[in-house]
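The values are calculated or read from the model by the stated rules, or taken from the named source; none is laboratory data. In this text the structure is predicted, and so the values were computed from the model without any measurement. Note that each Cβ is placed from the backbone with ideal geometry, even for glycine, and that neighbours are counted across all protein chains shown.
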């Protein structure tokens, strides 16, 4: 059975901003990635993390419950000439049943806010190599954070099509809980990092990003998708005719390993 992300896959791959370069540098340094490691990308989507990590690893296992996401990731991997990624259907409940080799590094992106944060670290403890660890990276949003006015324009148009109850979940609101759960897990040695990531979107990129969200996916919008894009384009250009829309993403990463003995 497909997930709400099925129809979003091509938009997710093309229009979601990549994670900052600093995160990949952190992983390469922290886990001494030299092309000999085995990496698990849990909740991989279309390979947002798997694809950049493929050149740094011996093999990457990209696991996601949505076949359309895996197919999009496999297409991109073939396009880029990566042959060391296995695209596996599964979710966070299947970590110990996938018959994986020992994992040197598990990465989890924004999908972590939909996972069982109590069980996943414990399950990962069973598959990680002795010096292995997990790195979770996500956007951080906190009440009172400044936000650009054009995002309100997007919300107004979106609400006309889906209603305010369909607004995307705040992925970063439970950051403190995430860190606390990791600290109470077998992977209790936790370090956190934060970066500000400036992003500039075109009108097409703003529209494409909205189509990458389950709440405004092509499947949800159906025959109204063209009208949604047209109205959003008009509203954004009325707001700022220059056609570029800036924001700063706050990105947080938590790296968890077993305590030193």
Quiz item: Restricting to the stretch 152-196, what's the tally of residues that are at pLDDT 95 or above and assigned to a strand (DSSP E or B)?
Solution: 7
Quiz item: What are the residue pairs meeting all of these: first residue in the stretch 223-250, first residue at positive phi, second residue modelled with pLDDT of 95 or more and surrounded by fewer than 16 Cβ atoms within 10 Å (Cβ to Cβ), Cβ atoms under 8 Å, and 6 or more apart or on different chains?
Solution: 243/202; 243/237
Self-check item: Breaking point among (1) in contact with a strand residue (DSSP E or B) (Cβ under 7 Å, 6 or more places away or on another chain); (2) in a helix (DSSP H, G or I); (3) surrounded by fewer than 19 Cβ atoms within 10 Å (Cβ to Cβ), for residue 86
Solution: (2)
Quiz item: When residue 147 is evaluated against the numbered criteria (1) in a helix (DSSP H, G or I); (2) at pLDDT below 95; (3) out of contact with any strand residue (DSSP E or B) (no Cβ under 6 Å at 6 or more places or on another chain), which criterion, by number, is the only one it fails?
Solution: (1)
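Which one is farthest from the chain's Cα centre (by Cα) among residues in the stretch 8-37 that are outside any loop (DSSP other than H, G, I, E, B) and buried (at least 21 other Cβ atoms within 10 Å of the Cβ)?
Among those that are outside any loop (DSSP other than H, G, I, E, B) and buried (at least 21 other Cβ atoms within 10 Å of the Cβ), it is 27.
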Quiz item: Looking only at the stretch 38-65, which residues are buried (at least 18 other Cβ atoms within 10 Å of the Cβ), part of a loop (DSSP other than H, G, I, E, B) and at negative phi?
Solution: 44, 46, 48, 49, 57, 65
Quiz item: Just a yes or no: is a residue in the stretch 66-82 out of contact with any helix residue (DSSP H, G or I) (no Cβ under 6 Å at 6 or more places or on another chain), surrounded by fewer than 17 Cβ atoms within 10 Å (Cβ to Cβ) and not in a helix (DSSP H, G or I)?
Solution: yes
Self-check item: Filter result for residue 234 (more than 17 Å from residue 8 (Cβ to Cβ) and in a helix (DSSP H, G or I))
Solution: yes
Quiz prompt | Index of the failed condition, residue 255 passing every other in (1) closer than 24 Å to residue 8 by Cβ; (2) not in a helix (DSSP H, G or I) | solution = (1)
